[in-house]
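Presented below is the structure to which this report refers.
The values are calculated or read from the model by the stated rules, or taken from the named source; none is laboratory data. Bear in mind the structure is a predicted one, so any value in this text is a computation, not a measurement. As a convention, Cβ positions derive from the backbone with ideal geometry for all residues, glycine included, and neighbour counts pool all protein chains shown.
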Amino acid sequence: MTESELRSEVKAPRGMYFFYGDEDYMKNHYAAQMKAAVVTDPGFAAFNYARFADDSYDLEAIREAVLAPPVMAEKKLVDISLSNLDKFLNEKERTALLEMLEDAFDDDGGDGMALSMFGDAANVADSVVVILRVAADGFDAGNAKRPSSFLKNAGKIMKTVQFDYQTDARLVRWIERHFAEYGLTIPQGVSMRILNLCGRSMYRLSGELAKTAAYAAESGRTEVTMEDVEATVTRTDEDDAFRLANCVLEGNIPAALDALAVKMRKKEEPIIVLSQITRVFCDLAAAAHALEEGISSAEFAKMMKMHTYKAGLYMTAAKSRPAVYFDRAAARCAEADRKIKSTPLGYEVIERLICGG
């Protein structure tokens, strides 16, 4: 199921849904809309809405919630929200969850529990809506050609919806609407600068937009300026990591060490910083190989599910070296990762990486 298809039935949801992918904001947005559509009487919300998270996950309790009929309402909602499906549940537990849900919605009445409580097992699908949603990076979906076994099996009984990061055009319109609530307009170029600094996570963007809007409105102006953005928006760690890696590429070791010092002052974990640097070099390697294969920046962005502006930056940076250079850099990062995990050297490992030692 596509996001567009979900949008068309969000006011009258039916059956089971599995939300996964990068954009948590939209998963939670649609879950909230579905709750509003299903749980219409706050007085009976305790009976018609059940939510399970990491700290309250219990398969039997979920089963009971799914099988219990709604009270003084046509439908009820069971909402299961997990931070990391792959780590929180082992393969056996994931299979048990899907089997339980399939059994509860089985037209034949499953093991009889649905039949005894509803009288007709088909009423389970008519009267209960289930949402299973997992946070970004909490589920490996595989790819279009080889989806993960869980996604493949979930797709047999649930409506699966992948929430990718929104396109530049949709995010720009969303940013414009956000500032309009403060009585402000914003030029498209300024919106793109915000995306460049913040990335595409709508949760992160919403916080930075609120801060910038308040700052601009306080000034008495009606249009957000580039100066407002530079004064208020905080760069992402990813942007810092790219800057650090770019300094290494340029052979500017003092600047790279200065960029690292910023992260050290923030007291970021060395292993997290190294993982950010490693990701940058791996993406640069992918960009370099794409260039050698004649793949365009737009195709690379789509292939990597990457912001088009960011993809352009990586393609530009990758032109400076052959792909083998970036492959070696990624290999050096992997070796540094081994050292940082097996020794107490911490940031010294990263400093040696930057200095070529």
How many residues are touching a Leu at 6+ places or on another chain (Cβ under 8 Å) and either in the same structural domain as residue 25 (by TED's automatic domain parsing) or farther than 23 Å from residue 23 by Cα (or both) when one looks only at segment 185-220?
2
Return only the number of the condition from (1) over 15 Å from residue 127 (Cα atoms); (2) of a type in the set (Val, Ile, Thr); (3) not in a helix (DSSP H, G or I) that residue 62 does not satisfy.
(3)
For segment 190-207, the count of residues that are modelled with pLDDT under 90 and either loosely packed, with under 14 Cβ neighbours inside 10 Å or more than 23 Å from residue 304 (Cβ to Cβ) (or both) equals 3
Out of contact with any strand residue (DSSP E or B) (no Cβ under 7 Å at 6 or more places or on another chain) and within 18 Å of residue 252 (Cα to Cα): is that true of residue 294 in this structure?
no
Residue hits (segment 54-66; among the charged types (D, E, K, R) and either touching a residue at least 12 places away in the same chain (Cβ under 8 Å) or surrounded by 11 or more Cβ atoms within 10 Å (Cβ to Cβ) (or both)) are 54, 63, 64
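Would you be able to tell me the number of residues in segment 141-187 that are of a type outside the set (S, T, N, Q) and assigned to a strand (DSSP E or B)?
4
Among the residues of segment 182-211, write down those that are over 21 Å from residue 29 (Cβ atoms) and out of contact with any Phe, Trp or Tyr (no Cβ under 6 Å at 6 or more places or on another chain).
Initial filter on segment 182-211 (over 21 Å from residue 29 (Cβ atoms)): 183-190, 192-193, 196-197.
183, 184, 185, 187, 188, 189, 190, 192, 193, 197 - these are the residues of segment 182-211 that are over 21 Å from residue 29 (Cβ atoms) and out of contact with any Phe, Trp or Tyr (no Cβ under 6 Å at 6 or more places or on another chain).
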Hey, any hits in segment 76-86 for a residue that's assigned to a helix (DSSP H, G or I) and modelled with pLDDT under 90?
yes
Which one of the conditions (1) assigned to a helix (DSSP H, G or I); (2) surrounded by fewer than 19 Cβ atoms within 10 Å (Cβ to Cβ) does residue 72 fail to meet, given that it meets all the rest?
(1)
Result of the Cβ filter at 6 Å on segment 80-106, keeping first residues that are free of Cβ contacts under 8 Å to residues at least 24 places away in the same chain and partners that are assigned to a loop (DSSP other than H, G, I, E, B), at least 6 apart or interchain, is 103/110
Somewhere in segment 332-351, is a residue of a type in the set (A, V, I, L, M), part of a helix (DSSP H, G or I) and more than 29 Å from the chain's Cα centre (by Cα)?
yes
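Of a type in the set (D, E, K, R), over 28 Å from residue 205 (Cβ atoms) and surrounded by 14 or more Cβ atoms within 10 Å (Cβ to Cβ): is that true of residue 51 in this structure?
The answer is no for residue 51.
Restricting to segment 258-284, name every residue that is of a type in the set (A, V, I, L, M, F, W, C) and under 23 Å from the mean Cα position of the chain (by Cα).
271, 272, 273, 274, 277, 280, 281, 282, 284
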Name the residue that is nearest to residue 305 (Cα to Cα), counting only residues in segment 222-246 that are surrounded by 14 or more Cβ atoms within 10 Å (Cβ to Cβ) and at pLDDT 75 or above.
245
Could you check segment 199-228 and list, in sequence order, the residues that are of a type outside the set (D, E, K, R), in contact with a Ser or Thr (Cβ under 6 Å, 6 or more places away or on another chain) and outside any loop (DSSP other than H, G, I, E, B)?
212, 215
Answer with yes or no whether residue 283 is buried (at least 20 other Cβ atoms within 10 Å of the Cβ) and of a type in the set (Asp, Glu).
yes
